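Report on the structure given below.
Rule-based calculations on the coordinates, nothing more; no lab input. Note that the coordinates shown come from a computational prediction; the quantities given were computed from them, not determined experimentally. Because the Cβ atoms are built from the backbone with ideal geometry, glycine has one as well, and the counts that use them run over all protein chains shown.
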Amino acid sequence: MKNNIFAGALIALGLCLGGLFIFCGISKYAGKDRAVTVKGLSTREVEADYAIWPLSYGWNGNDLPALYNKLESVTARVKQHLLSLGFEESDIRQGSITVNDNWANFYGDHRPEYKYTLSTSLIVSTDKVQKVVASQGKEAALLKEGIIVKTETWNLDYKYNGLPELKPQMIEEATQNARAVAQKFADDAQCSLGSIRRASQGQFSIENDEYQPWVKHVRVVTTVDYYLD
């Protein structure tokens, strides 16, 4: 009789301990599912450190050799204009020359006055970004000489090459901002903020300022999951 009571007590104790272990295990794993996902933002406003500025121009005529000589003299004048603005020889290169035969594919009764159109460009590639900015709109000196120079806004390119040096501090700032948001959430929920469960770095984006394209807006967003204890 006593043996049966003792055996029953051992079984009951085992069931209680087993239940306790199961409860602790469930609580432990349930606690691991308590997490918050937050995003951290970091932004910078920087100025471009390199500019590519193409200036296109052309001339019409019927005598191709004479037209080529004219284009060369115009090129020399445009180059002189750029040098007078403070650019150096090493900043300037000439693009390819395009020849268009206006009579080759014309239809109708009115043939174009000029058979040939020769066009080319001088391309300024420089780290003197502010000189490029200041030079916009100063083609009037050439217009007075009958030289029409075109600068297409979509071809004027301001670049920023300092992103590799900027990335570490921006990622750190974005992560700190994410933790601050998570901490506020944990405080409101009356729990403790635990360790990071998962983190992902978003893509860096660089956008031009709407009115000042040489000014760049750099942005990155990080997504971080924190455990809540």
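Annotations
- In a DSSP loop and with at most 11 other Cβ atoms within 10 Å, the chymotrypsin sites (Phe, Trp or Tyr not before Pro) in the range 150-229 are TRP154, TYR211.
- Derived scalar couplings ³J(HN,Hα) [the range 185-197; Karplus, 6.51 cos²θ - 1.76 cosθ + 1.60; whole Hz; x for Gly, Pro]: 4, 5, 4, 5, 8, 6, 9, 9, 7, x, 7, 6, 8
- Cα point-scatterer Debye curve for the range 85-186, base-10 log of I(q)/I(0) at q = 0.23 Å⁻¹: -1.28
- Charge dipole (debye, nearest 20) of the range 50-159; +1 at Cβ of Lys and Arg, -1 at Cβ of Asp and Glu: 200
- Partners for LYS70 among aspartates and glutamates (Cα-Cα distance below 18 Å; same-chain residues under 8 apart left out): ASP101, GLU113, GLU145
- Couplings 3J(HN,Hα) for the range 39-44, derived from phi with the Karplus relation 6.51 cos²θ - 1.76 cosθ + 1.60 (θ = phi - 60°), are 10, x, 10, 9, 10, 9 Hz, where x marks Gly and Pro.
- Net charge over other residues, Cβ less than 11 angstrom from the Cβ of VAL224 (K, R count +1; D, E count -1): +3
- Residue by residue, the range 67-76 carries 3J(HN,Hα) couplings of 5, 5, 4, 4, 4, 5, 5, 5, 4, 4 Hz when phi is fed to the Karplus relation 6.51 cos²θ - 1.76 cosθ + 1.60 (θ = phi - 60°); x denotes Gly or Pro.
- Cross-link pairs LYS115/LYS144; LYS39/LYS159; LYS79/LYS138; LYS79/LYS128; LYS79/LYS216 - those with Cα-Cα distance over 23 Å: LYS115/LYS144; LYS39/LYS159; LYS79/LYS216
- Evaluated on the chain, the Kirkwood hydrodynamic radius is 24.4 Å, with distances taken between all distinct Cα atoms.
- When the range 50-159 is described by a simple charge dipole with +1 on each Lys and Arg Cβ and -1 on each Asp and Glu Cβ, the residue from TYR114, LEU143, ILE97 located farthest towards its positive end is LEU143.
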